[in-house]
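Accompanying notes for the structure given below.
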Amino acid sequence: MKTRKIAILGGSGFVGGHLVAALAERGMASRVITRRRNRTRHLLVIPSCEVVEGDIFQLADRQRHLAGCDAVVNLVGILNQGRSALFEDVHARLPASIAAACRSLDIGRIVHISALGVAKNAPSEYLRSKFKGEEAIHAAGGDIRVTSIRPSIIFGPGDSFFNRFANLLSLSPLAFPLACADARFAPVWVGDVIEAILRILDDDSTDGHRYELCGPEVQSLRDLVQFTADVTGKRRWIIDIGHRLSRLQGIAMQNLPGKIFTLDNYLSATVPSVCKDSGFAALGIEPCGIESIVPAYLGAREKNARLSRLRSMARRSDT
């Protein structure tokens, strides 16, 4: 690895935690910039990871906390926007600001995490804003080497996809109404995404490329939810509510707390999250499928939940 210290923006999240651990295993130092340091206890135990508190959207914090780093990995992203976080600010404007800071600090390497389906005329604001940011950071110019990756949904321990559906299935005793059931995805293991980032950081020939990263199989959302139900041992009747009701559901739910599903989510789901070209093949990586990874963490989760229920029953019987 040619770089010595890597700044990870958005490093306190799911992918960031796995990236920090992988860098530590390779003897690499990392610096995670976060607004709330007290929420990064899982990173504080890693000696080679420096966690600093700062707001990457503020110029002074960008300049101070990126100084001394050799490369930047931008993982910052949101699935839904609110009053304090807009797609335009997070996805479109921030990447250009990151590139400007790198130019002023002589940081010559950026790896930018984008998304499949980004396009100027994409149907959702999420995908359009991601496209703007990707274009802006690649237009950085100068001596900065920029590479983007466009992953499908990323899975692994701690993910927000299979774990979320496992939770939702637990709340649905018999039937599970599913919006956008025919949406297509090629789930990609977080370990493979991390390996791609590491290889990109170590290979100058990847400069300027935009790698699409997909797992070995394309499946519908219905198939993935059914897989989750099977792994967790939940027998549910999964009901495809169709596109019209899916759209109406997005409109009805987008203002509810937690934003489980929004109209923009629905519009994003109309674009298949599948690869046209294999970035993994270009990088020499053979991706893993969900069958070899997901049961290990979802199955363990269900086993722990059953043990907790049994302990609770035992305590009640003792009283």
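A few comments on the model shown:
- For segment 208-229, the condition of being farther than 24 Å from residue 155 by Cβ, at pLDDT 95 or above and open to solvent by less than 70 Å² (accessible area, probe 1.4 Å) holds for at least one residue.
- Exactly one residue out of 137, 110 is without any contact (Cβ under 8 Å) to a residue 40 or more places away in the chain, of a type in the set (Val, Ile, Thr), more than 26 Å from residue 251 (Cα to Cα) and touching a helix residue (DSSP H, G or I) at 6+ places or on another chain (Cβ under 9 Å): that is 110.
- Qualifying residue in segment 80-89 (condition: open to solvent by 30 Å² or more (accessible area, probe 1.4 Å), acidic (Asp, Glu) and within 25 Å of residue 20 (Cα to Cα)): no
- Selection count where residues are surrounded by 14 or more Cβ atoms within 10 Å (Cβ to Cβ) and either under 30 Å from residue 140 (Cα atoms) or modelled with pLDDT under 95 (or both), scope segment 170-186: 1
Quick grid of which residues meet (1) of a type outside the set (Val, Ile, Thr); (2) surrounded by fewer than 19 Cβ atoms within 10 Å (Cβ to Cβ):
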| position | (1), (2) |
| --- | --- |
| 113 | no, no |
| 116 | yes, no |
| 135 | yes, yes |
| 138 | yes, no |
| 143 | yes, yes |
| 151 | yes, no |
| 168 | yes, yes |
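- Qualifying residue in segment 57-68 (condition: open to solvent by less than 20 Å² (accessible area, probe 1.4 Å), touching a strand residue (DSSP E or B) at 6+ places or on another chain (Cβ under 6 Å) and part of a loop (DSSP other than H, G, I, E, B)): no
- Selection count where residues are without any contact (Cβ under 8 Å) to a residue 12 or more places away in the chain, over 16 Å from residue 180 (Cα atoms) and among the charged types (D, E, K, R), scope segment 213-263: 2
- Only one of 27, 17, 54 that is under 18 Å from the mean Cα position of the chain (by Cα) and either small (Gly, Ala, Ser) or surrounded by fewer than 21 Cβ atoms within 10 Å (Cβ to Cβ) (or both): 17
The values are calculated or read from the model by the stated rules, or taken from the named source; none is laboratory data. Remember, it's a predicted structure, so these values are computed and weren't measured experimentally. Quick reminder, even Gly has a Cβ in these numbers, built from the backbone with ideal geometry, and neighbours come from all protein chains shown. For the accessible areas, the whole protein counts, side chains as well, though only heavy atoms, and no ligand, DNA or RNA atoms are used. Shrake-Rupley method; radii C 1.70, N 1.55, O 1.52, S 1.80 Å.
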